[in-house]
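Chemist: Have a look at this one.
The values are calculated or read from the model by the stated rules, or taken from the named source; none is laboratory data. This is a predicted model, so every value here is computed, not measured. Glycine gets a Cβ as well: all are built from the backbone with ideal geometry, and neighbour counts include every protein chain shown.
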Ligand SMILES: Cc1cc2nc3c(=O)[nH]c(=O)nc-3n(C[C@H](O)[C@H](O)[C@H](O)COP(=O)(O)OP(=O)(O)OC[C@H]3O[C@@H](n4cnc5c(N)ncnc54)[C@H](O)[C@@H]3O)c2cc1C
Ligand code: SF4
């Protein structure tokens, strides 16, 4: 049996997690305050994922840039592919929270959406 | 001078000001005005484009602008008035708020209650205690955050960061994602001032080294930063000769913590805590000046915006009660019991609590002054210990809490003193 200690990144509480792994399968997660910590630990030891946030240029709006994120979490190894795909992306105002900015970014099956209104 | 009249004036339109306004309205006050010096509502959240906000409030993980967006929507729904590009200059003790903007010029508002929600600013460059040139390429982490996230401008390509506060950690990741090489994060103290989750997902994820007990001892370059030398420090925070390491870089970011923005509060005569640099408040979040309340980062620096919204909601509710009940608000009662923080606990918010007036339960928040492992958070009513809770790890970067119960406080004979402290196992 193997144990791994992790810090949950689900929210700023940063709960210290202990994951017990038996023959490659997670047998228990302890230390989490909420269900998300359990989910995070199971994913982190098998297929770690992250939400990517960035900003892209917006033209004709009240601000120069609009903040964006991946709508769901993506495999950790894809972070830089996504950043590359966002290079040079420009959108026209108005942009609303939730608008799709790039669909299926870097073939992850996940969309990039706006996280701010720029009118 | 033009003088307007409002029941409640809120200074600052960040998450604290927004939540206070919405709560005051829902508690029955119609006449509310929010004053914000920036060109949009939302405060510091507008530049915090990373995710990790609102999990506790909305049960989903939002980015800063999305979290602010939810509260701005509520403000619009409640039809609460606000003025942007408006700087509050002064508040008098009879609650005349003096503000200024382009359209109205200088104007005054007579308020019945005032809520301070001005947030905080970054500690200045004083942290960089070295002689010599100050070439271009030295930024505070918050300034860099604004430039990259809101202006789409990258301040540099090769970066060294001094200080491991959250903004510095978040900018280490942000600049790495934008193609910069972040060479090292140096922290003067033996522990990081930032959240553990940020060390994991901003440094560890990208293999950026964090050097604790290190500081910058030399900066190369006259016009522009060309390199940085860091060295290890001893217990007295003095550089140890022979431990110097040199890094070539074009940018130095300083992330040395935040400090509440209280110039207006001080000149109003609000009593300040030397520990938090924020006002001393009772459990209604009211300052020593009746009818003046404080919440959010202006009161004490928070890491979790959910707590800011919660605290601000309480401030809004109490301000509304003060407006509706006027002098009946029992803030002058003799029964305000002081809460003392000692032995590792640095301060508490609130500073006093009134058992008659308090809700059934009250959360007292505090920070510790050092890293503690397997220690207990203890609460004493006079000399009697009533809470003794084990905590595996506590660190100055993370806010702690204890819950006081009305029942217990009210039943305690001759209660004169509540003490919060950290005890060894
Ligand atoms: C870099 C960084 C990262 C963070 N990351 C997270 C995170 O991941 N998750 C999380 O939950 N929390 C996070 N936080 C914490 C959270 O964002 C803050 O605690 C919260 O924004 C504080 O809200 P506030 O309203 O008190 O202050 P602010 O957001 O600073 O708002 C204060 C407002 O008052 C205005 N103001 C100031 N003075 C005046 C004046 N004289 N007249 C008029 N207006 C004035 C300012 O312009 C500003 O808009 C982070 C904070 C920082 C700095
Ligand atoms: S376990 Fe839950 S409360 Fe703890 S850090 Fe993770 S998401 Fe936050």
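Chemist: Check B:365, B:357 and return the single one that is crowded, with 17+ Cβ neighbours inside 10 Å, more than 25 Å from the chain's Cα centre (by Cα) and not in a helix (DSSP H, G or I).
Modeler: Just a single option satisfies the conditions, and that option is B:357.
Chemist: Do we find a residue being more than 15 Å from the chain's Cα centre (by Cα) and closer than 27 Å to residue B:306 by Cα anywhere in the range A:64-84?
Modeler: Among the residues of the range A:64-84, at least one is more than 15 Å from the chain's Cα centre (by Cα) and closer than 27 Å to residue B:306 by Cα, which makes the answer yes.
Chemist: Return yes or no: is residue A:57 at the interface with chain B (Cβ under 9 Å from one of its Cβ atoms), under 22 Å from the mean Cα position of the chain (by Cα) and under 30 Å from residue B:40 (Cα atoms)?
Modeler: For residue A:57, the condition - at the interface with chain B (Cβ under 9 Å from one of its Cβ atoms), under 22 Å from the mean Cα position of the chain (by Cα) and under 30 Å from residue B:40 (Cα atoms) - is met.
Chemist: Here is a check on your reading of the model: is residue A:116 under 25 Å from residue B:69 (Cα atoms) and assigned to a loop (DSSP other than H, G, I, E, B)?
Modeler: yes
Chemist: Of everything in the range A:71-89, what is facing chain B (nearest Cβ under 10 Å) and within 23 Å of residue B:153 (Cβ to Cβ)? Give them in sequence order.
Modeler: The first filter runs over the range A:71-89 and keeps only residues facing chain B (nearest Cβ under 10 Å), leaving A:73, A:76, A:79-80, A:82-84, A:86-87.
Across the range A:71-89, the qualifying residues are A:79, A:80, A:82, A:83, A:84, A:86, A:87.
Chemist: Please go through the range A:1-12 and pick out each residue that is within 14 Å of chain B (Cβ to nearest Cβ) and farther than 25 Å from residue B:305 by Cβ.
Modeler: A:4, A:5
Chemist: Taking residue B:392 as the residue in question, decide whether it is at pLDDT below 90 and either part of a strand (DSSP E or B) or more than 23 Å from residue A:5 (Cβ to Cβ) (or both).
Modeler: Numbers: at pLDDT below 90: yes; either part of a strand (DSSP E or B) or more than 23 Å from residue A:5 (Cβ to Cβ) (or both): yes.
Here the answer is yes, as residue B:392 does meet what is asked.
Chemist: How many of the residues making up the range A:22-49 are over 16 Å from residue B:197 (Cα atoms) and touching a helix residue (DSSP H, G or I) at 6+ places or on another chain (Cβ under 8 Å)?
Modeler: 2
Chemist: Condition first: exposed (fewer than 15 other Cβ atoms within 10 Å of the Cβ) and within 14 Å of another protein chain (Cβ to nearest Cβ). Now tell me which residues in the range A:23-32 satisfy that.
Modeler: A:30
Chemist: Give me the residue from the range A:1-12 that is surrounded by 17 or more Cβ atoms within 10 Å (Cβ to Cβ) and touching a residue at least 12 places away in the same chain (Cβ under 8 Å) and, out of that set, nearest to residue B:199 (Cα to Cα).
Modeler: Restricting to residues being surrounded by 17 or more Cβ atoms within 10 Å (Cβ to Cβ) and touching a residue at least 12 places away in the same chain (Cβ under 8 Å), the top hit is A:9.
Chemist: So, one more: Near ligand 1 (Cβ under 7 Å from one of its atoms), within 14 Å of another protein chain (Cβ to nearest Cβ), over 18 Å from residue B:325 (Cα atoms) and modelled with pLDDT of 95 or more: does that describe residue B:45?
Modeler: Judged against the criteria, residue B:45 is a match.
Chemist: Report, ordered by the first and then the second residue, all pairs with beta carbons closer than 6 Å, sequence separation of six or more or different chains, a first member in the range B:1-21 that is away from every other protein chain (no Cβ under 14 Å), and a second member that is part of a loop (DSSP other than H, G, I, E, B) and more than 9 Å from ligand 1 (Cβ to nearest atom).
Modeler: Close Cβ pairs satisfying both conditions: B:6/B:31; B:7/B:29; B:7/B:31; B:8/B:29; B:21/B:80.
Chemist: Which of (1) touching a helix residue (DSSP H, G or I) at 6+ places or on another chain (Cβ under 8 Å); (2) touching a residue at least 60 places away in the same chain (Cβ under 8 Å); (3) away from ligand 2 (no atom under 16 Å from the Cβ); (4) not in a helix (DSSP H, G or I) does residue B:33 not meet, given it meets every other one?
Modeler: Of the numbered conditions (1) touching a helix residue (DSSP H, G or I) at 6+ places or on another chain (Cβ under 8 Å); (2) touching a residue at least 60 places away in the same chain (Cβ under 8 Å); (3) away from ligand 2 (no atom under 16 Å from the Cβ); (4) not in a helix (DSSP H, G or I), the odd one out for residue B:33 is (1).
Chemist: Another question, if that's okay. Among residues belonging to the range B:48-94 that are buried (at least 20 other Cβ atoms within 10 Å of the Cβ) and part of a loop (DSSP other than H, G, I, E, B), point out the one that is farthest from ligand 1 (Cβ to nearest atom).
Modeler: The residue in question is B:80.
Chemist: If I filter the range A:13-22 for residues that are within 11 Å of chain B (Cβ to nearest Cβ), surrounded by fewer than 14 Cβ atoms within 10 Å (Cβ to Cβ) and within 11 Å of ligand 2 (Cβ to nearest atom), do I get at least one hit?
Modeler: Looking through the range A:13-22, none of the residues is within 11 Å of chain B (Cβ to nearest Cβ), surrounded by fewer than 14 Cβ atoms within 10 Å (Cβ to Cβ) and within 11 Å of ligand 2 (Cβ to nearest atom).
Chemist: Among the strands (runs of 3 or more DSSP E) lying completely within the range B:233-314, list those that include at least 2 residues that are surrounded by fewer than 21 Cβ atoms within 10 Å (Cβ to Cβ).
Modeler: In the range B:233-314, the matching strands (runs of 3 or more DSSP E) lie at B:245-248.
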